[in-house]
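Below is one structure, written out as structure tokens; the observations come after it.
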Amino acid sequence: MELRDIEIFLTLTEELHFGRTAARLCLSPARVTQAIQKQERQIGAPLFERNSRTVRLTPVGQQLRDDLRPLYAGLKQSVERAQLAGQGITGILRVGMLPANAYDLRAYWDIFRLRHPQWKLRIRSTQFSDAFTTLRRGDIDVLIAWLPIDEPDLTVGPVLLAEPRVLAVSTGHELTHRTSVSLEMAADFQRPHSDTPPDYWYDAYVPRETRRGRTIERGPVVQNTEEAITLAGMAEIVVLFPSHMTRYWVRPDITYLPVTGMGPLPYALVWRSESENEPIRALAEVVRDLGPLAPES
């Protein structure tokens, strides 16, 4: 099986759609179909069940996917490491971000790159619904996440920023006539819910009660920021966010209101304790040297 055909197969297992797979790989749908048919002939069994509306993996396809995925990832990483070594780069530090303000943190990135040109720094957005899974699976080396985090296998490093909270509401919402809102006022409206463990972590982002003990009702389950802010724009929920969202997620259907009576939300570096290495320690040192990002004036 050729490397390109493996890539086509694995991409199709994620997309479960021939057209999207072709578009993602910049191929024609016919090329994707040909590659899958060739693989099925070689193996002697169907890899996908498909009809006019759905594409699903067969048990044989699932087994092949599970066997090939780590091998393909390892091969890609080996090729990439060889390419980087040719450029004098000996390692990659992958940082996953939950906050949306990577640009605000550029001083940390710039100093890290200046001090350690032998390591490549790669910044990517991470969804809160699978942030810890992504970290524990090794897809990223460091996670920038809100606190508190108290997990036995994770190390919490220095804080990068701590921001006041804002409430995202629909532009036509009844709260928009106010210049700010308290958590008590906001408790009259549904917040998004998440089935993301651990519970205490999400509760720090969306409290279950106000300081006076009022229950804050939770509504639909959301998996990411896009889902939450879309529901807010449709006036189905209101959403607590750190204040940088007012600059990085500007939308005509959303109004942001400052929230009073809540402390700033801190974000820190987090990594798997067993995977701590020199690049991770170096990034943590940069953050400690520069200190937390100055709060907005």
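Values quoted throughout were computed directly from the atomic coordinates according to the rules given, and no laboratory measurement underlies them. All values derive from a computational prediction rather than experimental measurement. Please note: Cβ atoms are built from the backbone with ideal geometry, for glycine as well, and neighbour counts cover all protein chains shown.
Annotations for the structure displayed:
- Three principal axis extents of the stretch 94-248 based on alpha-carbon atoms, in descending order, are 54, 32, 26 Å.
- Other-chain or far-sequence residues with amide H under 5 Å of LEU160's (modelled H): TYR267, ALA268, LEU269
- Nonlocal amide H pairs with LEU154, under 5 Å, H built at 1.01 Å: SER273
- Only beta bridges with both residues in the chain are counted; by DSSP, about 65 percent of them are antiparallel.
- One decimal place: the segment ASP253-ARG122 gains 43.9 nm when fully extended, by the rule 0.36 nm per residue minus the C-alpha distance.
- Mean-position separation - Cα centroids, the stretch 33-67 and the stretch 246-297, in angstrom: 43
- Projecting the Cα atoms of TRP146, PRO158, SER182 onto the charge dipole of the stretch 123-246 (Cβ charges, centred on the Cα centre) puts SER182 farthest toward the positive pole.
- For the chain, a Gaussian network of Cα nodes joined below 10 Å ranks LEU161, LEU240, LEU25 by mean-square fluctuation, and the top entry is LEU25.
- Net charge dipole, the stretch 3-80: roughly 260 debye, given to the nearest 20, about the Cα centre with Cβ charges of +1 for Lys and Arg and -1 for Asp and Glu.
- Taking Cα centre as origin and charging only the Cβ of basic (Lys, Arg, +1) and acidic (Asp, Glu, -1) residues, the dipole magnitude of the chain rounds to 760 debye.
- Percent breakdown of C-alpha pair distances by 10 Å bin, ordered from the shortest bin, for the stretch 189-286: 12, 38, 30, 16, 4
- Relative contact order of the stretch 3-80, taken over Cα pairs closer than 8 Å and 6 or more residues apart, is 28 percent.
- Measuring nothing but how far apart in sequence close Cα pairs (under 8 Å, 6+ apart) lie, relative to its length, the chain scores a relative contact order of 22 percent.
- The orientation-averaged shadow of the Cα convex hull for the stretch 11-67, equal to a quarter of the hull surface, comes to 3.7 nm².
- The chymotrypsin sites (Phe, Trp or Tyr not before Pro) of the stretch 188-297 that DSSP puts in a loop, and whose beta carbon has at most 16 other beta carbons within 10 Å, are TRP249.
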